[in-house]
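Peer 1: This structure is in structure tokens; I'll ask about it shortly.
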Amino acid sequence: MTCTRLGGYSRILVGMPSLIRFKLPIFGRCSVALAALILSSGLVLARPSAVGGQQQPLVELDFELVGGRIYVPITINGNRGTAVLDTGAGASVMDIGLANKWDLKSSGGLTVGGAGDKMVSGKVLSSVSAKLGAISVPIQFAIPIAGLSKMEGRPLETIIGYGFFNSHIVQVDYENKHIKIFGKDLEAPALGTEVPIRIEGGLIRIKSKMHFSDRDIELETMIDTGASEAALTTHFLKGHPVKEKATQEAIVGGGVGGTTKGRLFRPESVSVGGTTFSNPLVSMVTANGGIIGDNSDFDFLLGAVFLKRFVVTFDYPHQRLFLLPNSTAGLPFEADKTGLRIYSEGPDFRTFRVVGILPGSSGEKAGIKVDDIIATIDGHPASATSLQELREQFRSPTASQWTLGILRGGKPLSLTVSARTVI
């Protein structure tokens, strides 16, 4: 059996998702690390053709943007499903439970890791492809990712990674939630600043620059559409300690293999593709294990918190990326204002459980505890909102406080949480 590198799902920051990667054949088996997510919308198909030296898209589709990830509809062997388009995935994967349910064939096993230190089992799929409009995308592996759905507030089914991006030019208009997918042989529209890229193990790399209070540092940067946020890796931080003000250490991520710890801070600026962002929100990973810990071979994970401020054209075939700032590029980077890490439960993912609290945060000071269920927000049922909408509400730049109806051991409580940014 042979394996390629793949990605590894993790979550960065208080309640936000992230990352990916696969590591290689070991005596007939494969040690893997993974990351990312899924969902749907409408399709418009077009024949590939060239107009004025530029080709028309093979497929156009509106997508749903959840936590910064790009969710699209797919079918696998006639079964309808959903997938995330994830540049942080070195291969394409699906949930092993779904593969078993659909009775998809496999050719052997593999061992899987990700954000944490633990390993879990998966399998290599045989002749399985996802249809994205008229495009067929091979799905190489099945791994246990459904359990991560509680972090996202929706089912996690399939991740489409490197093979797809390497065979197409993909233009993502984050602001208008629209994608154009082109063939790789002709020139796609070039929008914005051209940035040279390298592909390392199926993952896209660029150079970015971070400005600290005492220095500027050029960073080996991995571009990850499957990541909500942005993070400096433990690998980088051991050689470049950061002196800026930061939160206390807490669980800032989680995924295959467990959770990831770190601290949040704001560098003075980050420059990428000719655009400079002031005081963005970044995490410093303190975990030793996992793919953004000591094992990382890059400095900086750049996710959707930056990418969603552009029209991004991924042109792997020509080793380049185009970045065109959109109307949100200059907006502030809002941080969570409660310090609560919340997951969703139940068949509809509308039961919200507190799984972590940042020390010193307004949530901790209000008396909220781990395992509390958030039942109401300002008198309204929490179940009327999605997990993503709940997180956005707790980042509101205009809120002053929230009155939360809590269930603790089945007993109702009412607690008032001040809106105070964690960093």
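The values are calculated or read from the model by the stated rules, or taken from the named source; none is laboratory data. Just so you know, these numbers come straight off a predicted model, no measurement behind them. Cβ atoms come from the backbone with ideal geometry, glycine included; neighbour counts cover every protein chain shown. Surface accessibility is based on the protein's heavy atoms, side chains included, excluding ligands, DNA and RNA. Shrake-Rupley method; radii C 1.70, N 1.55, O 1.52, S 1.80 Å.
Peer 1: If you average the sequence gap of Cα pairs under 8 Å that are 6 or more apart and divide by the length of the stretch 317-423, what percent do you get for the contact order? Walk me through the numbers on the way to the answer.
Peer 2: Details: 188 pairs, mean separation 30.6, N = 107.
Here the relative contact order equals 29 percent.
Peer 1: Search the structure for amide H atoms under 5 Å from the amide H of Val66, placed 1.01 Å from N in the peptide plane, and list their residues when 5 or more places away or on another chain.
Peer 2: The answer is Tyr71.
Peer 1: Would you tally the net charge around Glu345, using a Cβ to Cβ cut-off of less than 11 Å, leaving Glu345 out, and scoring K and R as +1, D and E as -1?
Peer 2: Residues near Glu345 contribute +2 overall.
Peer 1: Let me have the relative contact order for the stretch 110-265, percent, based on Cα pairs under 8 Å that are six or more residues apart.
Peer 2: Computed over the stretch 110-265, the figure is 23 percent.
Peer 1: Something else about it: How much length is gained on full extension from Ser383 to Thr75, taking 0.36 nm per residue of separation minus their Cα-Cα distance?
Peer 2: Going from the current span to full extension adds 107.9 nm.
Peer 1: How much area per residue is accessible in the stretch 51-161 when the probe is 1.4 Å and only protein heavy atoms are counted (Å²)?
Peer 2: Solvent-accessible surface per residue comes out at 35 Å².
Peer 1: How much accessible area per residue does the stretch 187-269 have, in Å², with a 1.4 Å probe? Intermediate results must be reported in sequence, preceding the final value.
Peer 2: Numbers: 3290 Å² over 83 residues.
For the stretch 187-269, the solvent-accessible area averages 40 Å² per residue.
Peer 1: Could you do me a favour and compute the accessible area per residue for the stretch 296-423, 1.4 Å probe, result in Å²?
Peer 2: Working: 5270 Å² over 128 residues.
It amounts to 41 Å² per residue over the stretch 296-423.
Peer 1: Which FRET efficiency value, to the nearest 0.05, do you get for Gln401 and Ser278 by plugging their Cβ-Cβ distance into 1/(1 + (r/R0)^6) with R0 = 30 Å?
Peer 2: According to the calculation, E is roughly 0.65.
Peer 1: Whole-Hz ³J(HN,Hα) for each residue in the stretch 153-166, computed from phi via Karplus 6.51 cos²θ - 1.76 cosθ + 1.60 with θ = phi - 60°, x for glycine and proline: what do you get?
Peer 2: Result, ordered by residue: x, 6, x, 9, 10, 9, 10, 9, x, 3, x, 5, 5, 6 Hz.
Peer 1: Give the calculated FRET efficiency between Leu413 and Thr286 to the nearest 0.05, with a Förster radius of 30 Å applied to their Cβ-Cβ distance. Numbers along the way, then the final one.
Peer 2: Details: r = 33 Å, r/R0 = 1.09.
Using R0 = 30 Å, I get an efficiency of 0.40.
Peer 1: Relative contact order (percent) for the stretch 175-303, with alpha-carbon contacts under 8 angstrom and 6 or more residues of separation?
Peer 2: 29 percent
Peer 1: Once the other residues with Cβ under 11 Å from the Cβ of Glu194 are scored (Lys, Arg +1; Asp, Glu -1), what is the net sum?
Peer 2: Counting the neighbours of Glu194, the net charge comes to 0.
Peer 1: Phe212 versus Trp102, label points 7 Å from Cα toward the beta carbon: distance in nm?
Peer 2: 4.6 nm
Peer 1: Continuing with this model, one more query. According to the square roots a ≥ b ≥ c of the eigenvalues of the Cα gyration tensor, what is the shape class of the stretch 367-410, taking rounded for a/c under 1.5, prolate for a/b larger than b/c otherwise, and oblate for the remainder?
Peer 2: prolate
Peer 1: Enumerate the amide H contacts of Arg350 below 5 Å, restricted to partners 5 or more residues apart or on another chain; note that Pro and chain-start residues carry no placed amide H.
Peer 2: Glu345
Peer 1: While we're looking at this one, here's another question. Less than 12 Å Cβ to Cβ from Trp102, Lys/Arg counted +1 and Asp/Glu -1: what total charge do the surrounding residues give?
Peer 2: So the surrounding residues net to 0.
Peer 1: Roughly what would the spin-label model give for Glu334 and Glu392, points 7 Å off Cα along C-beta, in nm?
Peer 2: Between Glu334 and Glu392, the label points sit 0.9 nm apart.
Peer 1: Of all the accessible heavy-atom surface of the stretch 290-350, with the other protein chains kept in place and a 1.4 Å probe, what percent is carbon and sulfur?
Peer 2: Carbon-and-sulfur percentage of accessible area, whole number: 54.
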